[in-house]
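K.L.:
Once you've had a glance at the structure underneath, I'll fire off some questions.
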Amino acid sequence: MPAASAEGRPLPPSRFWRLDRQRSREVLALALPIIAAMVSQNVLNLVDTAMVAHLGAPVLAGVGLASFLNFMAVAFITGLSSAVQAMAARRVGEGKLDETAIPLNGGILLSAALGIPLAALLIWQAPNILRLLNDDPAVVAAGTTYLQLRLLGVAAIGMNFSFRGYWSAIKLARLYMFTLLGMHSFNIALNYCLIFGRFGLPELGVVGAGMGTSISVWLGTITYFVLGFRHARPGGFLARRPSREQFGNLLRLGLPSSIQQLFFAGGFTVLFWIVGKVGTQELAVANVLINISLVAVLPAVGFGLAAATLAGQALGRRDAIDAHRWAWDVIKVASLLLGAVGLPMLLLPRQILHLFVQDPALVEIGAFPLRLIGAGIIIDGMGLVMMHALFGVGAARWVMAVSVGLQWGLFLPVAYLLGPVWGLGLSAIWLAMTAYRALQSLVLANVWQRRRWVHLRV
């Protein structure tokens, strides 16, 4: 189907690929607050890591392992965010403004119903889980303590993500940004005081690190509820319980997203295991490369959430042509920023790696893979925008099938063959990763172009 204008008239190729100033401003107004909030999360992670590093290597290792386990735990309920966003955006487009917060109510209830028993189970089993993953008693002890304290915030994180989906859907992403910036600033200050015993507070070490983060998460939840009463009451916030059908839609849309995120995180665990079999130096470099990559693609995630809202609202207006066009308009804007992010990695990989590792041998191992990250960031970003746009129109199952299938059915087996079996090194593994991410982007773009999502009910 040819590209078309919002009014349904076909757009010539010269206009389709041209940046529309008004639509670009709308994309940036939605995406930039989300990107700023995500950047603050990375700043928090870096500062938190730096503070915990003062407690010693075993504590740092335990906290790192526990943080990843906590991420996998919350992944199962944070997928509700995409369902809340898809349903709320569709209600906005349909003009049913008094129903926009009903999906949020459902997301809050499901986050509590799923998160509390999940956290209780994992808190009980945390020592056994850590012992399965590490043999060092000091690492296990620190990781267990930190994980148990962080798990106290699982339900709160699920609620916070549901609020993120709602604020994005009604184009109030700035509330998400301001809340997250405040929450992270408080988190850094509280962790500093509780870890090192400052300003009259006790010196709690790793206990303070976990406690400070969970307290901050719940403070963010309380803030969202206050903002909800102020801005979401006309949409039915905490006034109407979702029907059985609406709860079913939340689960139908949210669970595939949760499963996709869970398998994506698990795939990184397997990747680290594969690279570890290649060599310790390669594993150290891979850790740096993945962290750089995850930070570099943050803008694409922010733009993807904007695409989810804009496409979902257009479908609510029954304008499938405009919904289709929005994803491509978002990609055009995102590509400019992603290109600027990728260029230094493409041209100056060694200089960037020197910021993280000092060993010249490690820098040489990582130079070519980092160039690949810079070269492929635009097409990788296109895939992330398409992924979230498909979430926004209710096509979560298709995204799950493509993502899990390509990562686990193609990339990880190929990476194992290239690395441990054939001994071709980290560069070959990263070349396979670049190819797999590019293929995923192209497949998701094809799913978007076929437009079968037009008929999905949300």
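K.L.:
In the stretch 322-332, which residues are surrounded by fewer than 24 Cβ atoms within 10 Å (Cβ to Cβ) and either without any contact (Cβ under 8 Å) to a residue 40 or more places away in the chain or of a type in the set (A, V, I, L, M, F, W, C) (or both)?
P.N.:
The one that is surrounded by fewer than 24 Cβ atoms within 10 Å (Cβ to Cβ) and either without any contact (Cβ under 8 Å) to a residue 40 or more places away in the chain or of a type in the set (A, V, I, L, M, F, W, C) (or both): Trp328.
K.L.:
So in the stretch 305-336, with the set limited to residues that are among the charged types (D, E, K, R) and assigned to a helix (DSSP H, G or I), which one is nearest to Glu26 (Cα to Cα)? Steps first, answer last, please.
P.N.:
Step one: filter the stretch 305-336 for residues among the charged types (D, E, K, R), giving 317-319, 322, 325, 329, 332.
Subset that is assigned to a helix (DSSP H, G or I): 322, 325, 329, 332.
Numbers: Asp322: 14, Arg325: 14, Asp329: 10, Lys332: 13 Å.
Per the stated criteria, the residue is Asp329.
Let's see how each residue does on (1) modelled with pLDDT under 95; (2) under 24 Å from the mean Cα position of the chain (by Cα):
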site	(1), (2)
Gly115	yes, yes
Ala142	yes, no
Thr145	yes, no
Trp167	no, yes
Ala173	yes, yes
Gly197	yes, no
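K.L.:
Would you check if Gln351 is open to solvent by 60 Å² or more (accessible area, probe 1.4 Å), farther than 25 Å from Ser257 by Cα, at pLDDT below 95 and part of a helix (DSSP H, G or I)? Steps first, please.
P.N.:
Working: open to solvent by 60 Å² or more (accessible area, probe 1.4 Å): yes; farther than 25 Å from Ser257 by Cα: yes; at pLDDT below 95: yes; part of a helix (DSSP H, G or I): yes.
Yes, satisfied.
K.L.:
Which members of the stretch 417-437 meet the condition of being in a helix (DSSP H, G or I) and either within 17 Å of Gly304 (Cβ to Cβ) or not hydrophobic (A, V, I, L, M, F, W, C) (or both)?
P.N.:
So the first thing to find is which residues in the stretch 417-437 are in a helix (DSSP H, G or I), and the list is 417-421, 425-437.
Gly419, Pro420, Gly425, Ser427, Thr434, Tyr436, Arg437, listed by residue number.
K.L.:
Can you tell which of Gly339, Gly302 is open to solvent by less than 20 Å² (accessible area, probe 1.4 Å) and in a helix (DSSP H, G or I)?
P.N.:
On the way: Gly339 fails: open to solvent by less than 20 Å² (accessible area, probe 1.4 Å).
One residue alone meets the criteria, Gly302.
Residue-wise test of (1) closer than 30 Å to Ala138 by Cβ; (2) open to solvent by 10 Å² or more (accessible area, probe 1.4 Å); (3) touching a Ser or Thr at 6+ places or on another chain (Cβ under 6 Å); (4) of a type outside the set (Gly, Ala, Ser).
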{"site": "Gly64", "(1), (2), (3), (4)": "yes, yes, no, no"}
{"site": "Asn70", "(1), (2), (3), (4)": "yes, no, no, yes"}
{"site": "Ser82", "(1), (2), (3), (4)": "no, yes, yes, no"}
{"site": "Gln85", "(1), (2), (3), (4)": "no, no, yes, yes"}
{"site": "Arg90", "(1), (2), (3), (4)": "no, yes, no, yes"}
{"site": "Glu94", "(1), (2), (3), (4)": "no, yes, no, yes"}
{"site": "Thr100", "(1), (2), (3), (4)": "no, no, no, yes"}
{"site": "Gly107", "(1), (2), (3), (4)": "no, no, yes, no"}
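K.L.:
List, please: which pairs have Cβ atoms under 9 Å, are six or more places apart or on different chains, and start with a residue in the stretch 444-458 that is open to solvent by 80 Å² or more (accessible area, probe 1.4 Å) and end with one that is modelled with pLDDT of 90 or more and aromatic (Phe, Trp, Tyr)?
P.N.:
Pairs that qualify, where the first residue is open to solvent by 80 Å² or more (accessible area, probe 1.4 Å) and the partner is modelled with pLDDT of 90 or more and aromatic (Phe, Trp, Tyr), are Arg452/Trp398.
K.L.:
Select, from Leu412, Leu384, the only residue that is part of a helix (DSSP H, G or I), within 26 Å of Val341 (Cα to Cα) and touching a residue at least 40 places away in the same chain (Cβ under 8 Å). Walk me through it before giving the result.
P.N.:
Working: Leu412 fails: within 26 Å of Val341 (Cα to Cα).
Matching residue, one of Leu412, Leu384: Leu384.
One line per residue, one yes/no per condition, for (1) of a type outside the set (D, E, K, R); (2) without any contact (Cβ under 8 Å) to a residue 60 or more places away in the chain; (3) in contact with a helix residue (DSSP H, G or I) (Cβ under 8 Å, 6 or more places away or on another chain); (4) over 30 Å from Val270 (Cα atoms):
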residue	(1), (2), (3), (4)
Asp48	no, no, yes, no
Met51	yes, no, yes, no
Ala57	yes, yes, no, no
Leu60	yes, yes, yes, no
Ala88	yes, no, yes, yes
Arg91	no, no, yes, yes
Asp98	no, no, yes, yes
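K.L.:
When the residues of the stretch 193-223 are narrowed to those that are open to solvent by 30 Å² or more (accessible area, probe 1.4 Å) and assigned to a helix (DSSP H, G or I), which ends up farthest from Thr309 (Cα to Cα)?
P.N.:
Phe196
K.L.:
Listed residues Leu190, Leu147, Leu181; which is of a type in the set (A, V, I, L, M), more than 15 Å from Tyr224 (Cα to Cα) and either touching a residue at least 60 places away in the same chain (Cβ under 8 Å) or open to solvent by 40 Å² or more (accessible area, probe 1.4 Å) (or both)? Let's see the steps before the verdict.
P.N.:
Working: Leu190 fails: either touching a residue at least 60 places away in the same chain (Cβ under 8 Å) or open to solvent by 40 Å² or more (accessible area, probe 1.4 Å) (or both); Leu181 fails: more than 15 Å from Tyr224 (Cα to Cα).
Exactly one of Leu190, Leu147, Leu181 is of a type in the set (A, V, I, L, M), more than 15 Å from Tyr224 (Cα to Cα) and either touching a residue at least 60 places away in the same chain (Cβ under 8 Å) or open to solvent by 40 Å² or more (accessible area, probe 1.4 Å) (or both), namely Leu147.
K.L.:
Right, another one. Can you find a residue that is out of contact with any strand residue (DSSP E or B) (no Cβ under 9 Å at 6 or more places or on another chain), surrounded by fewer than 17 Cβ atoms within 10 Å (Cβ to Cβ), modelled with pLDDT of 95 or more and assigned to a helix (DSSP H, G or I) anywhere in the stretch 389-402?
P.N.:
Within the stretch 389-402, one or more residues are out of contact with any strand residue (DSSP E or B) (no Cβ under 9 Å at 6 or more places or on another chain), surrounded by fewer than 17 Cβ atoms within 10 Å (Cβ to Cβ), modelled with pLDDT of 95 or more and assigned to a helix (DSSP H, G or I).
K.L.:
Kindly evaluate Ala428 against the criterion of being free of Cβ contacts under 8 Å to residues at least 24 places away in the same chain, more than 30 Å from Ala86 (Cα to Cα) and surrounded by fewer than 20 Cβ atoms within 10 Å (Cβ to Cβ). Reasoning before the result, please.
P.N.:
Details: free of Cβ contacts under 8 Å to residues at least 24 places away in the same chain: yes; more than 30 Å from Ala86 (Cα to Cα): yes; surrounded by fewer than 20 Cβ atoms within 10 Å (Cβ to Cβ): yes.
Yes, satisfied.
The values are calculated or read from the model by the stated rules, or taken from the named source; none is laboratory data. All values reported here derive from a predicted model rather than from experimental measurement. Reconstructed Cβ throughout: ideal geometry from the backbone, glycine too, with neighbour counts over all protein chains shown. These accessible areas exclude ligands, DNA and RNA; they are computed on the full protein's heavy atoms, side chains included. Shrake-Rupley method; radii C 1.70, N 1.55, O 1.52, S 1.80 Å.
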